[in-house]
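Note sheet for the following structure.
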Amino acid sequence: MKKLALGLILLIMIISPIYGVSGFAITYGETTYTNADWKNSMNSYFQSKTSKNVSDATSKVVTASEVNAISMNITGRTYPSSQIFSCAMVDLSYSQGINVVVDSSKITVVTPKMYANALKSTGINNGYVVVSSPISASGEAALAGVLESYEVAVGAPIPDQAKKAATEELYTETQIVNQTGQSPDKIAELFSKAMDQVQNQNLQDPAQIKVIVINIANSMNINLSDPQAQQIANSLANSQQAQSSLTDFKNKLQSVTSQATQSGGIIEQIMNYLQSIFNYLSSLVSGQ
């Protein structure tokens, strides 16, 4: 029993500073947040996608004004407060790149690869992301919530220039999907391959980027019109031009990710230790 008491004391001492670190966040669309049933359904969905307790996540409400401030000049759409449904969860303790899970039964247009591309354009290459909505939604407006989840988890703002570039990129992807009839994932792959080359070469000139886009599209048997290739090139150029504004955010992201990853490892050690205690006590009770 002394060992058990010591184990519990150590558990409290070790876990206390862990929860002082962020890295785990949930954002709720304001329409969903004000509807108790919808909010509870989202919490249940997120809980089904993580081993952590969602009540421990830092949370924030995403408002229509915040969504519109980024999207209105890009998509041409504005949303009233009664239409902000999408919710997102971000966990930075995930250490194997970026893993995006989209509830396809509710999010009807934007795919995991499309969200991953938009995040990549803001310098985000790691984290576990889950996106859902209590009712059917395209998912374009959900990007605002995903980005805010990262801001909450990291504790630092993403510059508006980068947010607008990511929103424009996501919107361009959905437009190209509609115009070409290609699958969303195939267009997302086109963007991803082009983005890799643009970032590796640090290109900001749309004319140079357009050549890359056309070459990759041809290799993938995607027929783009000249205006479509130009639209993609402009979008990627804006994303690359926004990179210089992201230095502070990237540094904080790396720091918080490191802390969250280490915390996850410590928790696993604690659980293993508690399991060994449980096994020891079970053996005493059984007399083995």
inquiry  = Just to verify a number: what accessible area does Val152 come out at with the full protein assembly present, 1.4 Å probe, Å² rounded to tens?
reply    = 30
remark   = Per residue, accessible area of region 102-197 with a 1.4 Å probe, heavy atoms of protein chains only, in Å², comes to 30
ask   = Local charge sum around Ala137 (other residues, Cβ-Cβ under 13 Å, Lys/Arg +1, Asp/Glu -1)?
value = 0
List Phe249, Phe85, ordered by accessible area with a 1.4 Å probe, largest first = Phe85, Phe249
ask   = Which value, in Å² and to the nearest 10, is the accessible area of Ile222 when all protein chains are kept and the probe is 1.4 Å?
value = 0
key: Pairs of lysine residues in region 108-240 - Cα separation under 16 Å, sequence separation of 8 or more or cross-chain   = 6
message = Run the Debye formula on the Cα coordinates of region 46-164, all scatterers equal and no solvent, and tell me log10 I(q)/I(0) at q = 0.19 1/Å.
response = -1.06
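Report relative contact order for region 41-118 in percent, whole number only (criteria: Cα-Cα under 8 Å, sequence separation at least 6). Intermediate results must be reported in sequence, preceding the final value.
Details: 32 pairs, mean separation 14.8, N = 78.
Relative contact order here is 19 percent.
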request  = Report the net charge of residues surrounding Ile74, where surrounding means a beta-carbon distance below 15 angstrom and charges are Lys +1, Arg +1, Asp -1, Glu -1.
outcome  = -3
message = If the reach is capped at under 19 angstrom between alpha carbons, list the aspartates and glutamates near Lys252, excluding any in the same chain fewer than eight residues apart.
response = Asp91, Glu148, Glu151, Asp160
ask   = Local charge sum around Gln231 (other residues, Cβ-Cβ under 12 Å, Lys/Arg +1, Asp/Glu -1)?
value = -3
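The values are calculated or read from the model by the stated rules, or taken from the named source; none is laboratory data. Nothing here was measured: the structure is a model prediction, and the numbers come from that model. Note that each Cβ is placed from the backbone with ideal geometry, even for glycine, and that neighbours are counted across all protein chains shown. For accessibility, only protein heavy atoms count, side chains too; no ligands or nucleic acids. Shrake-Rupley method; radii C 1.70, N 1.55, O 1.52, S 1.80 Å.
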